[in-house]
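J.: My questions will all concern the structure given below.
No value in this document is a laboratory result; all are computed from the given coordinates. Model, not experiment: these values are computed from the prediction. Cβ placement follows ideal geometry from the backbone for every residue including glycine, while neighbour counts extend to all protein chains displayed.
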Amino acid sequence: MRYTTLSFMLLMPVLPCIHAFAQNKPAATEIVQKSQEAFYYSGNDMKSNVTMELITADGKKRTRVLTMLRRNDPGTANQKYFLYFHEPGDVRRMAFLVWKYPEKDDDRWIFIPAVNMVRRVAAKDSRSSFVGSDFTYEDISGRDVPADTHTLLREERLGDADCYVIQSVPKAATEYTKKLAWIDKKTFLPLKEEYYDAQNQLARLFTADKIENVAGQGGKKSYQTATKRTMKNVKSGHRTDVTITRVAYDIGLDDGIFSERSLQNPPQQWIK
Amino acid sequence: MKATFLLLSVALTCLIASASMAQDGPAAPTSDVANSAQTGKEKKIPVEIHGFLLGDVAVRTTGERPFKGEGGNFVLGEGRLRLDISGATRSGKGYFVTKGDTFYDAIAKRFAGELREGYAGYSRGPLDLRLGRQIITWGVGDLFFVNDVFPKDWESFFSGRPMEYLKRGVDGARIRYSGSSLNAEIVAVPFFTPDSLPSAKRFFFFDPFATVRNQREEKPAVGAANTEVALRVYRKLAEYDVSVYAYRGYWRSPGARLDNLAAPTTATRFYPELSVYGLSAQRGFFEGVFSLEAGYYDSRQDRSGRDAAIPNSQWRVLAGYQRELAQDFTAGVQVYGEIMNDYRAYRDSLPAGMPQQDRFRGVVSARLTRMLKYQTWTLSLFAAYSPTDNDYFLQPEVSHKLTDNLGVSAGANIFGGKSETTFFGQLNRSDNVFFRVRYDF
């Protein structure tokens, strides 16, 4: 009897937790979905200035400065991105237009200012380096959720945040074999991501280093935004520090901005 | 007259520049909510000044030197300063761009200047107007041009200047309409600019009339009737980016007429009338990009094909496919063809001793681009081979970015073929290697 009581008392605080966990535990895919929404889909639209510092293991630094405009297509998961480069000199005024569709290949165009030319570019290179950084194109605009098998491994604290730890294994072969993501339970922002290679060694490490709450235009909503991010190539020591400034949400970006016209005549109002 | 036109463009540019400076004051009305969301109060500079320093050297590797040539084995040796001055009114509706080069040509031993682009622009509603010297690029080909009827600088390209120098600006006006279902641009060019072909002082190429004592050039006179007009109507149609083109103007490579066939003393180079009608389509396809382009070249001054001094009418067709094979490694292939109309008339009218072209000229090309070390190294190869002309062109290049601002490149232009009268074959003895240093600011 005593034994039973003790065990009962020991279990008491644990049981409700297990119970709650079993009841409310969101499926891994759902967490990833929410995380994508928090990281890539906040607001109806967004404008930000992005500074990327590409830093070699021995400290040599290169810098890319660009403006990113994004608009979510109302009612669908489609998005449009407009990227305009300010620095360095050899890519100044270069612009990218991406029409992103989760269920099929994106449409992408590039504007080469030196010859005033708009060209369509291939959608395949989503795993290619984005302008020579440690980020891939996919890291910039998001990876399709169904492209991976997601598993909730555990829950743990990372710094001050309670996190889900999700393992995502690509269904088709890519240059990494699995990704572990620490997703903040409150904001659903990924705070840390580890990419593993075929030898199951850590290859790339992403961290969200600063999270800010940014009010949307009109003040009704606000959005948690990772304004400092780092992607590090653990093997080479090369890393890319990203600082995002002048973030604005729900500013009423017109669909017409995301067109060939803007590639050649960038919308000055938004890119400054 | 051309000078007046350019002066007018410059005047407009100054107007916009001064307007953009005036708007820098605090009273400038703005609806820029993004700016109001900023916390910083930095001062904006209304006019941006950028540019680059470029050093270019190209050396002929065949050891042969053109007759009365210059520079010995050097094809190119120059230092350039590019100044790129641009500005926009705060609303962005008015803007100007001026890109000018001053350079020292160490082969000709002279300083010179060149206005690469200089235009003023104004946007209102769905319309964009641009006036001045501007580079325009149309079509979907990679170094094969079907509906890009604008002037090229082949000498620059074949002597290793950066790719942007392949295009020359046109002096005219462009109006573009961007609608929800249809876009259009129309370009009017009152001042004719020909292609820059390789010069006889630095390149070997086929010119049957090179030895004629007097050489004259006749460009189309400036006037309303001679104004070139180019139109492009375009939209996205299902998965395709579709463009339809029309052009009324001139061939940009000259025909040559002799004063006397038997004993010529004067060769007159002239630019025959030409119209071009075409279309292009481009779409994502199997994770790559598929391109298709066709155009009909209506040689208006020689519709019968009997005038040997003027190219016959022809069809030009192009198909291309480009995709990434691995991370930072892209491959593209193209098939290009020219089909001559009235071939029999051409053959019958060809003067004795002149090399005869085939009715069909086909070229296949491949471009490979590999980027390494966080895209600080770029290895590329463009290779073109014509099975009909039996000639080829190779351009390998290595580029390295030492810093964000400083880059170096080295490469080669290699030509060859069975005959020295075909497009690439004629440049057979002009093989060269080039080296470039560029500092951006």
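J.: Give the angle, between 0 and 90 degrees and rounded to the nearest 10, that separates the Cα long axis of helix B:2-22 from the longest principal axis of the Cα atoms of chain B.
T.: Taking Cα atoms only, the helix is inclined about 20 degrees.
J.: Another question, if that's okay. Could you tell me what a quarter of the Cα convex hull surface of the range A:27-271 works out to, in nm² with one decimal place?
T.: With every direction weighted equally, the projected area is 13.5 nm².
J.: Pull out the extension gain between B:VAL437 and B:TRP154, defined as 0.36 nm times the separation in residues minus the alpha carbon to alpha carbon distance; nm, one decimal.
T.: 99.8 nm
J.: Nearest 0.05, what FRET efficiency do B:LEU372 and B:PHE206 give at R0 = 35 Å with Cβ-Cβ as r? Let's see the in-between values first.
T.: Details: r = 39 Å, r/R0 = 1.12.
Rounded to the nearest 0.05, the efficiency is 0.35.
J.: Please compute P(r) over all alpha-carbon pairs of chain B, binned at 20 Å starting from zero, and give each bin as a whole-number percent.
T.: Answer for chain B: a P(r) of 21, 57, 21, 2, 0 percent.
J.: Separate question: Using label points projected 7 Å from each Cα along Cα→Cβ, tell me how many nm separate B:LEU406 and B:LEU325, to one decimal.
T.: 3.4 nm
J.: Of A:LYS171/A:LYS228; B:LYS167/B:LYS219; A:LYS80/B:LYS373; A:LYS61/A:LYS185; A:LYS61/A:LYS179, which ones are farther than 24 Å apart at the Cα?
T.: Those over the limit are A:LYS171/A:LYS228; A:LYS80/B:LYS373; A:LYS61/A:LYS185; A:LYS61/A:LYS179.
J.: Let me ask you something else. Could you work out the relative contact order of the range A:27-271, using alpha carbon pairs under 8 angstrom and six or more residues apart, expressed as a whole percent?
T.: 21 percent
J.: Going toward the positive end of the dipole of the range A:27-271, with +1 on Lys and Arg Cβ and -1 on Asp and Glu Cβ, which of A:GLN264, A:TRP99, A:SER35 do you reach last?
T.: The residue sitting most towards the positive pole is A:GLN264.
J.: Just from the alpha-carbon atoms, what are the Rg and Dmax of the range B:195-331 in angstroms?
T.: Spelled out, the Cα radius of gyration and Dmax of the range B:195-331 are 20.1, 62 Å.
J.: If you don't mind, there's one more thing I want to ask. Given R₀ = 45 Å, FRET efficiency for A:LEU153-B:GLU239 by Cβ-Cβ distance, to 0.05?
T.: Once rounded, the FRET efficiency stands at 0.70.
J.: To check you understand DSSP bridge types, tell me what percent of the beta bridges within the protein assembly as shown (both residues inside) are antiparallel, rounded to 5. Spell out each step's value before the answer.
T.: Numbers: 264 of 271 bridges.
Of those bridges, close to 95 percent are antiparallel.
J.: Among A:SER129, B:SER430, B:TYR297, pick out the residue whose Cα is farthest towards the positive end of the charge dipole of the protein assembly as shown, where Lys and Arg carry +1 and Asp and Glu carry -1 on C-beta, about the Cα centre.
T.: A:SER129
J.: On full extension of the chain, what length is gained from B:VAL398 through B:THR62, given 0.36 nm per residue of separation minus the C-alpha to C-alpha distance? Can you show the working numbers first?
T.: Working: separation 336, 0.36 × 336 = 120.96 nm, distance 2.12 nm.
Separation in residues times 0.36 nm, less the Cα-Cα distance, equals 118.8 nm.
J.: With θ taken as phi - 60° and the coefficients 6.51, -1.76 and 1.60, list the Karplus ³J(HN,Hα) couplings across the range B:388-396 in order, rounded to whole Hz; mark glycine and proline as x.
T.: Karplus-based 3J(HN,Hα) across the range B:388-396 equals 7, 7, 6, 9, 8, 9, 10, 9, x Hz.
J.: Could I ask something else about it? Taking the Cα centre of the range A:27-271 as the origin and placing charges on Cβ (Lys, Arg +1; Asp, Glu -1), which of A:LEU54, A:ALA114, A:ALA203 is farthest toward the positive end of the dipole?
T.: A:ALA114
J.: Which whole-number value in Å³ per residue fits the convex hull of the alpha carbons of the protein assembly as shown?
T.: 184 Å³
J.: On to the next question. Taking the Cα centre of the protein assembly as shown as origin and charging only Cβ (+1 Lys, Arg; -1 Asp, Glu), how large is the dipole, in debye to the nearest 20?
T.: 780 debye
J.: Per-residue HN-Hα couplings for the range A:189-200, Karplus 6.51 cos²θ - 1.76 cosθ + 1.60 at θ = phi - 60°, whole Hz, x for Gly and Pro?
T.: Rounded to whole hertz, the list is 7, x, 9, 8, 9, 10, 9, 10, 8, 5, 8, 6.
J.: Can I ask one more? Remind me, relative contact order of the range A:85-152 in percent, using alpha carbon pairs under 8 angstrom and six or more residues apart?
T.: Once divided by the residue count of the range A:85-152, the mean separation gives 18 percent.
J.: Also, I was wondering about something else. Give me the log10 of I(q) over I(0) for the range A:131-191 at q = 0.15, 0.16, 0.19 Å⁻¹, as the Debye formula computes it from C-alpha points; what are the numbers?
T.: Relative scattering, expressed as log10 I(q)/I(0), comes to -0.52, -0.59, -0.80.
J.: If you don't mind, there's one more thing I want to ask. Give the distance, in whole Å, between the Cα centre of the range B:291-347 and the Cα centre of the range A:230-272.
T.: 39 Å
J.: Taking the Cβ of A:ASN265 as the centre, find all other residues whose Cβ is under 13 Å away and add up their charges (Lys, Arg: +1; Asp, Glu: -1).
T.: Net of charged neighbours comes to +4.
J.: In whole Hz, what ³J(HN,Hα) sequence does the range B:416-426 give by Karplus (6.51, -1.76, 1.60; θ = phi - 60°), x for Gly and Pro?
T.: Along the range B:416-426, the couplings run x, x, 6, 10, 9, 10, 8, 3, 8, x, 5 Hz.
J.: I would also like to ask the following. For chain B, what is the calculated [θ] at 222 nm in deg cm²/dmol (nearest 500), taking -39500 (n - 2.57) for each run of four or more DSSP H residues and dividing by its residue count?
T.: Value at 222 nm, helices only: -2500 deg cm²/dmol.
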